[in-house]
Structures are given as structure tokens and as C-alpha cells.
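Asks: Quick one: the structure is below, questions incoming.
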Amino acid sequence: MTLETGSRVPSELVEAEILDADGGAHRLGSVLGDVATLLVFLRHFGCTGCAQQLDVLVPHLASLHELGLETVLIGSGTPAHLADFCERQRLEGYPLRAYTDPTTTSHRAAGLSRSPWRVVGPAALAREVMVRTMGYTSGRKEGDVMQSGGVVILCSRTVAFFRQARVAAEPVPAAAIVEAAVATISAHLVETARVSSHPII
């Protein structure tokens, strides 16, 4: 099942259990923002593409947060892997919350596939070589290496944006994420203003 823009958020996604870096369990629905939430699903914490996904996204986090968008990161390794990843990526101080889902229940509920072809197919291998020439290194298996990553934007428990990474080492472009986030927040503000100007008597 793939999420579709405009559809309601599946209950399986809202109810999925995620863990913080200390091993504490949370219901994914409990960490969603009041207005809109950007869910960044990573494959595993040793993935080169996942490191690059954060690198292209981090410069935009502050401005997205000011717009009212909460960012939630979800990987698939252990809580210790999560803690190490956050340290390697120097994520402390940025407006995001990071969790992991060793069972990948939330990934599946978000419609993200588990596909060897996306990891070891020709396009995936070519992309991996390109990313390594950019200075990204891997070698660590820190979660489900066959799991695909992707990005979901939710607003008022409705899917506003969904994009699955084409291949393992290819991040979802930051420009596409920012454009979708701005459009989502703008539409929400317009709708809120419309409802407020027509109160129910």
C-alpha cells in the first residue's frame, strides 16, 4: 500500500511504536506536530543515502520549523545506532526529533517498500558509487538494509506529500520537500482563516 496525497493517515501508521535513543517507546501519533509534520524515514543508520538525506535537509529545518512544520526522523536500527547517527550527523540543536523502529512497522504503514532491487540493482549500485565519490562512506549495518526510505508530510492527519527514495543511496530532493511543506502550511493557513471567518453559530 502506497500513501496517496489527500488520503487520511492510516491508523497503522498512527499506532506504530517507535523508540527514542534511550529505548523509550512512543506511539507515532503522539509525536506528530499540532499543525503539520515532516516524517523522514531512513533505511538504516549506516546508509550513505540516509546521511546525505540529512545533509541536504538540515539547512532548511529552522525555516520549516518557523512555518509550523515539525520534523520527525525515523530509522530502523537499535536505539544505540540512533544515538550514534545523531552524533555523527551533528543533529543536536536542530529542530527535529529522532526515533527508530527496529520492526519497520511504521515504514510499511507509510507505504515504503522493502526491495533488494532498490539496494543492489544497477541504478542503486551506480548511485552508491556516486555518493562514495562525494565522500560518504558506509560499511555499517545498522538496521534493515533492504528497507527503502522516503518522506511523508502530514497535515491535520491527512497525507499532504509522499515520496519514496528511488534507490537506496538517493535522497529525496530538499527542494521538493521544502516546496511541498510551504504549500501545505500555506493551504492550512488559508483554510484556518476561512473557517475562522465563518464561525458555526
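The values are calculated or read from the model by the stated rules, or taken from the named source; none is laboratory data. Every value quoted in this text rests on a predicted model; they were computed, and no experiment measured them. Don't worry about glycine lacking a Cβ; one is built from the backbone with ideal geometry, like all the others, and counts go over all protein chains shown.
Asks: Which of the residues spanning region 97-117 are assigned to a helix (DSSP H, G or I) and closer than 17 Å to VAL9 by Cα? Spell out the reasoning first.
Replies: Initially, region 97-117 is screened for residues assigned to a helix (DSSP H, G or I), giving 105-109, 117.
Passing the criteria: THR105, SER106, HIS107, ARG108, ALA109.
Asks: Being more than 26 Å from VAL56 (Cα to Cα), touching a residue at least 24 places away in the same chain (Cβ under 8 Å) and out of contact with any His (no Cβ under 9 Å at 6 or more places or on another chain) is the filter here; which residues of region 17-46 pass it?
Replies: The answer is ASP22, GLY23, HIS26.
A quick yes/no check of all residues on (1) at pLDDT below 90; (2) among the β-branched types (Val, Ile, Thr); (3) within 24 Å of LEU54 (Cα to Cα):
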{"position": "LEU154", "(1), (2), (3)": "no, no, yes"}
{"position": "VAL159", "(1), (2), (3)": "no, yes, yes"}
{"position": "VAL167", "(1), (2), (3)": "yes, yes, yes"}
{"position": "GLU170", "(1), (2), (3)": "yes, no, yes"}
{"position": "ALA174", "(1), (2), (3)": "no, no, yes"}
{"position": "ALA181", "(1), (2), (3)": "no, no, yes"}
{"position": "THR192", "(1), (2), (3)": "yes, yes, no"}
{"position": "SER197", "(1), (2), (3)": "yes, no, no"}
{"position": "ILE201", "(1), (2), (3)": "yes, yes, no"}
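Asks: Kindly state which strands (runs of 3 or more DSSP E) lie completely within region 5-50 and contain at least 1 residues that are charged (D, E, K, R).
Replies: So the answer is 17-19, 25-27.
Asks: Could you run through region 164-187 and say how many residues are more than 18 Å from ALA62 (Cα to Cα) and crowded, with 18+ Cβ neighbours inside 10 Å?
Replies: From region 164-187, those more than 18 Å from ALA62 (Cα to Cα) are 164-172, 187; that's our starting set.
Those still in the list that are crowded, with 18+ Cβ neighbours inside 10 Å too: 164-165, 167-172.
Count: 8.
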